[in-house]
Structure formats: structure tokens, C-alpha cells
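> What follows is a structure written as C-alpha cells; I'll ask about it next.
The values are calculated or read from the model by the stated rules, or taken from the named source; none is laboratory data. The structure displayed is predicted, hence computed values, not measured ones. So basically every Cβ, Gly included, is an ideal-geometry build from the backbone, and we count neighbours across all protein chains shown. For the accessible areas, the whole protein counts, side chains as well, though only heavy atoms, and no ligand, DNA or RNA atoms are used. Shrake-Rupley method; radii C 1.70, N 1.55, O 1.52, S 1.80 Å.
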Amino acid sequence: YRLSLQTREQHIRRDKATSNICTAQVLLAVMASMYAVYHGPEGLKAIAGRVHLMARTLATGLQRLGWEVAHTDFFDTVRVNLGNTPAATLVAMAEERGLNLRVLDEQTITLSVDETTDSLAALFEVFNEGHEIRNAAFELPALAAGLEREVSEPFRRTSAFLTHPIFNRHHTETEMLRYIHKLEAKDLSLTTSMIPLGSCTMKLNATSEMLPVTWAEFGKIHPFAPVDQAEGYAGLFAQLESWLAEITGFAAVSLQPNAGSNGEYAGLLAIRGYLKAQGQNQRNVCLIPQSAHGTNPASAVMAGFKVVAVKCLDNGNIDLADLRAKVGQHRNELGALMITYPSTFGVFEETVQEVCALIHDAGGQVYMDGANMNAQVGLTSPGFIGADVCHLNLHKTFCIPHGGGGPGVGPIGVAAHLAPYLPGNPLDPQRTAVSAAQWGSASILVISWMYIRMMGEEGLTDATRLAILNANYIARRLESFYPVLFKGTKGLVAHECILDLRDFKAGGVEVEDIAKRLIDYGFHAPTMSWPVVGTLMVEPTESESKEELDRFCDAMIGIHHEITAVVHGTIDRADNPLKNAPHTAAVVTASDWAHPYTRETAAYPAKWLREHKYWPSVGRVDNVYGDRNLICSCVGMEAYEG
């Protein structure tokens, strides 16, 4: 399994950051998985059988026209030997009829069919010197007569697949609707409350932005369709690249990387390519502050760098003295510095331009992690600050849905001198590529295009201002209950704040207790224990109203009252609402209730929950055990009885 999902808070461990290898394009994966759920094994076999029959029918028709089919065993793709007929001639006739042929060489073409193929007439015309065929023998029923729907014996699958009941019970629209809604009801999503995950920007993904993903004009174009047949997409790519370049202050942008982690890797490869071209291939040291994102060291190692850590001060800022020392120590081998701005501690570091200048003076390049770009847009930019390359998490700043391990798009912007080293067409052996297609997950780029187009310059800048304002509002409301760990010189945070909960540990209350209790209040917990163990990092984003911010703050203040009661011994240290959270409906409605607090305290700690209550599916689990011992949810042994 690449990724295990649990009902738990986000808990990042810097030394075990694995998103570089486990990134799943969750939006696309959910689409594909629901296709399998709806059709099930029998439906998929029926689809596959029809596809194969259509391919056999195509091969039969071509043979009747005198063409040589190069093989007898195939599934959906037929290879045709052209003899003395130039491939270009057939390609031209096919394009006139809205068809694309894949040319392997001047004497060979391949043709593929799929479940949407319902006619072969135009294709047969192409292979009949452009003439329409008026012959009953070339109609589909006649051509398909006697042909097998299954592939030949050596390649035929005999093992069962998709045997779980989930894939065998939802084959009507109403059943599928109810199944999806049942899954949706298990999620604590933005439909319920704000999701204040620090450094993850769980903002609104508006319906108007998402809708074009469903349009066939975007979804049905092949990634390698000729560019002149995808002029709309080409325009979208060009505009989005231009907008992102303007926003970041860079000269060029690549949309190819499939995730933020993939973008980190691509950006570092661009730096390596540039240094090599400059005859500086020995520059393989990457300086990374302790405040950097946890994935940065993993990306640097993957790109061939040696990681050297740089210390941070108690206020979270980069230790300039240590940075100068490390730059001096590795001056001849220094290739790059990876920084995050605002810092991972949620502060705008005032020395950031000085930091960039130090690296450039030593011959290195500056990589800026774009995770916190939503605190820069319209106010400043990586290019202005002095960075050479920056990846953009489109799921954070530009509204592509986030969750499950990855967004599907993580473009990079670069300064002019790095532009020649951006990832290129994967079919071009002369260019480096980091994805299987030149524009990555092109079908979901339209989401960010819609967001930027509708927001405009003023709207994007206002979003940044509001994100910063909201974070500071929460910090001010809660600072007398929970110390805010890092602030700038003016006492302000950036777009997120870190609440220090470590002092409660001596009284018997852990940060996990607070995170779990928030679920009873109807909130997803903020990011737990990162970047500092025993803290919660809160990021409200610009999507939330003051009313929602106050509701979250009221929940945190209510929890503080409970913490105080535990610490002072007013309520039992081991059996209390914090230690037993979250409380499921099954627990609260059970016949037995042995706790010293009421069911109402457990389930309805705030008055707004009377209007709408989110019930978690499970109570607390042993996180460490669960991480190390994945429990299968497959069919039980009773299914095999008899």
C-alpha cells in the first residue's frame, strides 16, 4: 500500500517524510475508483470484451481490404504493415475525417479502439483510398460474426478480481448515489466546518472552478493529441503559465510536475542541469534550514544533492551566523539552498533577501518551497525576494482539491537562466521529464485557471490579505489561553500560527487529547506536532468568515476550560472528555455509561452542535500500532464457509 488513511489528525514526522514516494493523485484516483465500483468486475469484463471484439472487427475489415495485420494476438491495438503506401498519405486522409493515426515508422501504423468506439466506417474509408465502402460485408455485425470477445488463451485472465462486495452491489445510479453520499458523510469536510490544517491550506474549492473538469472538451483529449487539435488547451496552458509567472515574478513556468513533491524534484533537477552546463557539476551540497518543509531533504537526496542542515534561532528564523559558516565551509561545493517563505514556523523572515544574496555570492542557487505561497500572492513574490526557482502547490494556493496524498499538479517557476532546464516532452530523448505527459495532469489545470480568472489581480491579493488577517485574529483571540510560539518583530504571524500546548503535558493532557476533542466540537484538528512537537499549527485560510473563526476559537477556549479542570483535579485525570474523545454515536447512545461526566458533555460541548452534529465513524485508535500494523478490511472468513 502506498498510503494508509485513518480517522486521525494530520501528524507529520520530519524524519519520516515520504510524500515524495507516496504521492497519489487523489482527485483522479477517486474518479477511476468510482468507475470500478459502478461497473464492477462483470461490467468491466463486458466493456473489455466489447473493446476486444471491436479491435478484432477492425483487423478483419483491414484484412478484407488487403492490408497486412502484423500480429494475431492483441487486445485493443492493431498494428498494420503498410508496404509501399506512405504513412503520411493515410495520416492526412485520417485527419480530414477527425481521426489520428499513430505512426511507428513510414511502413507501420497502429490503431487503437476503446469503449467509446461505435463505428469503423471512417477508418475503413481511409484504408480504402478515401472511398466510402458500400458493402454489407463491411458492416459491423457482418465483420464481427464468429469473432471471439475474449483474448486468445495464453493471455486470457483466469483469476478473479474486484471480489470485494463494494464492487458488486452498486450498479444502479441510485445505489451509486447513496454509496458515494455515505462515504461523504464520513468526512469532516468544509461542508461541516473549517479545516485549520497548518501548512496545508484547506480552502474552498468552489463548484464554479470544479465544473469544467467534467466537460468532455477537456476530459476526452488525449495527452499526446497534436497541439494544433487542442488549441483551447494550448491557450489555457499559455495563459496559466503566464499568470503563474507573473504571480511568482519568474520568467518561465512548467506545468508538468504532478505534485508539490514532484515539483520540488523538478526544480532541483533544473538547478543541477544549469550547474552542470556551467561546468560546476561538483556543486552538489544543498543547505536546508531546520525550519524547512519535511519533504525538502528527501527531494534534495533524490536529485543527487548532499544535505547539510542549517540551524534556526529560538524565534524560528534562520541562524545567519550558522548559515554563513556553512556557506564558507562548502563554498566550492554549494549548489543550492532550500527555504520556505513565510517560514514553516508561520513567520515572515525579515532577512530572507540577505539569505538569498549569501547563496548567490557563493555561486549557489536558491530554491523556495512554494507551500506558503498563499501568503505572498499580490504582496510579494519569490522572484522579487531573490529565489531562482519555486514550486507551486496548486492545491494550496490555487484551489485544486487537496487530500489523500497529493493534488495532481505542482508546477515550477524559474528565473530566466534556469528556463532551458525545465522538464520537457517525455517523448523527446534530449529533454528531462518528471511526468509521463508534457503538461502533467492537464485535465485538472482548468480548476486553477478558473480560480485565477475569476479572482483577478485584486481578488487574489485580497485573498492573501485575508489569510494573514484571519491567522492573526485567531492568534490574538487564543494567545491568553495557548501561547503562540513564533511571531515576527511586530508581534504578528503570517498566514498560520503555532499554538504551544507543551505545558499541559505535566498536568496529564497531551496534544493528541486536544486534537481528538476538537472532533467532538465538529472540527478537524490542526496539524499536530509539526514543525514543533507538542504544538498545533493553525491555518484558517481566507475562505472562512469571522463567525467561523469565532466558532473555532470558542471550541479551543472550551477545551482549555476542560484542560484546566483536569490539571486542577476538578475532573478525573484518566477518565474525562479529553482522554475519551472523540465520542461516537454508538458510545453515546449505548445502554451503559460509566464515565463521571454526562453524555451531553461528551457529544454536545457547544450549543451550535444542536443544529448540526458531525458524528465520527470511529473513536480513538492506537496511532503507532495502526501505522505499523495495517488491518485489512476485506471480507471475513464467514464468506468462505462451506
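Okay, residues lined up against (1) of a type in the set (S, T, N, Q); (2) open to solvent by 100 Å² or more (accessible area, probe 1.4 Å); (3) out of contact with any Leu (no Cβ under 9 Å at 6 or more places or on another chain); (4) in contact (Cβ under 8 Å) with a residue 40 or more places away in the chain:
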{"position": "A144", "(1), (2), (3), (4)": "no, no, no, yes"}
{"position": "I180", "(1), (2), (3), (4)": "no, no, yes, yes"}
{"position": "S193", "(1), (2), (3), (4)": "yes, no, yes, yes"}
{"position": "P196", "(1), (2), (3), (4)": "no, no, no, yes"}
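> Another question, then. Among the residues of region 146-173, what is the count of those that are open to solvent by 70 Å² or more (accessible area, probe 1.4 Å) and either in contact (Cβ under 8 Å) with a residue 24 or more places away in the chain or within 41 Å of the chain's Cα centre (by Cα) (or both)?
Qualifying residue count for the region: 15.
> Please state which of the following conditions Q229 fails to meet, knowing it meets all the rest: (1) touching a Ser or Thr at 6+ places or on another chain (Cβ under 7 Å); (2) modelled with pLDDT under 95.
So Q229 meets the others, but not (1).
> A follow-up question, please. Return a yes/no flag: does region 539-546 have any residue that is surrounded by fewer than 16 Cβ atoms within 10 Å (Cβ to Cβ) and in contact (Cβ under 8 Å) with a residue 24 or more places away in the chain.
The answer is yes; a qualifying residue exists.
> Report yes if I385 is open to solvent by less than 30 Å² (accessible area, probe 1.4 Å), touching a helix residue (DSSP H, G or I) at 6+ places or on another chain (Cβ under 6 Å), farther than 30 Å from S443 by Cβ and of a type outside the set (F, W, Y), otherwise no.
yes
> Okay, moving on. Please tell me if P429 is touching a residue at least 24 places away in the same chain (Cβ under 8 Å) and either assigned to a loop (DSSP other than H, G, I, E, B) or of a type in the set (F, W, Y) (or both).
Considered against the rule, which asks whether it is touching a residue at least 24 places away in the same chain (Cβ under 8 Å) and either assigned to a loop (DSSP other than H, G, I, E, B) or of a type in the set (F, W, Y) (or both), P429 comes out as no.
> Could you please find all residues in region 45-55 being surrounded by fewer than 20 Cβ atoms within 10 Å (Cβ to Cβ) and touching a Leu at 6+ places or on another chain (Cβ under 8 Å)?
L53
> Residue by residue through region 212-225, note down the ones that are open to solvent by 40 Å² or more (accessible area, probe 1.4 Å) and either modelled with pLDDT of 95 or more or aliphatic (A, V, I, L, M) (or both).
A216, I221
> Now for a separate question. Taking T489 as the residue in question, decide whether it is in a loop (DSSP other than H, G, I, E, B), farther than 18 Å from A525 by Cα and not aliphatic (A, V, I, L, M).
Here the answer is yes, as T489 does meet what is asked.
> Report whether or not V78 is out of contact with any Lys or Arg (no Cβ under 8 Å at 6 or more places or on another chain), assigned to a strand (DSSP E or B) and surrounded by 18 or more Cβ atoms within 10 Å (Cβ to Cβ).
So V78 fits the description; yes.
> So, in region 89-115, exactly how many residues are open to solvent by 60 Å² or more (accessible area, probe 1.4 Å) and free of Cβ contacts under 8 Å to residues at least 60 places away in the same chain?
Counting residues in region 89-115 that are open to solvent by 60 Å² or more (accessible area, probe 1.4 Å) and free of Cβ contacts under 8 Å to residues at least 60 places away in the same chain gives 12.
> Collect the residues in region 350-376 that are buried (at least 24 other Cβ atoms within 10 Å of the Cβ), not in a helix (DSSP H, G or I) and not hydroxyl-bearing (S, T, Y), keeping them in residue-number order.
If the condition is that a residue be buried (at least 24 other Cβ atoms within 10 Å of the Cβ), not in a helix (DSSP H, G or I) and not hydroxyl-bearing (S, T, Y), then G364, Q365, V366, M368, D369, Q376 are the ones that fit.
> Any idea which residue in region 550-585 is most open to solvent (accessible area, probe 1.4 Å), counting only those that are touching a His at 6+ places or on another chain (Cβ under 9 Å) and assigned to a helix (DSSP H, G or I)?
The selected residue is N580.
> Okay, moving on. I want to confirm something. Restricting to region 226-256 and keeping residues that are buried (at least 19 other Cβ atoms within 10 Å of the Cβ) and β-branched (V, I, T), which single residue is farthest from A266 (Cα to Cα)?
The residue in question is I247.
> Could you tell me how many of the residues in region 56-69 are surrounded by fewer than 15 Cβ atoms within 10 Å (Cβ to Cβ) and either among the hydrophobic types (A, V, I, L, M, F, W, C) or under 37 Å from the mean Cα position of the chain (by Cα) (or both)?
Residues meeting the conditions: 1.
> Let me ask another. Does E209 satisfy the criteria of being among the acidic types (D, E), within 30 Å of L445 (Cα to Cα), under 23 Å from the mean Cα position of the chain (by Cα) and open to solvent by less than 40 Å² (accessible area, probe 1.4 Å)?
yes
Listed here are the residues, each with its yes/no results for (1) within 24 Å of the chain's Cα centre (by Cα); (2) open to solvent by 40 Å² or more (accessible area, probe 1.4 Å); (3) more than 19 Å from H417 (Cβ to Cβ).
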position: L275; (1), (2), (3): no, no, no
position: V285; (1), (2), (3): no, no, yes
position: I288; (1), (2), (3): yes, no, yes
position: T295; (1), (2), (3): yes, no, yes
position: V310; (1), (2), (3): no, no, yes
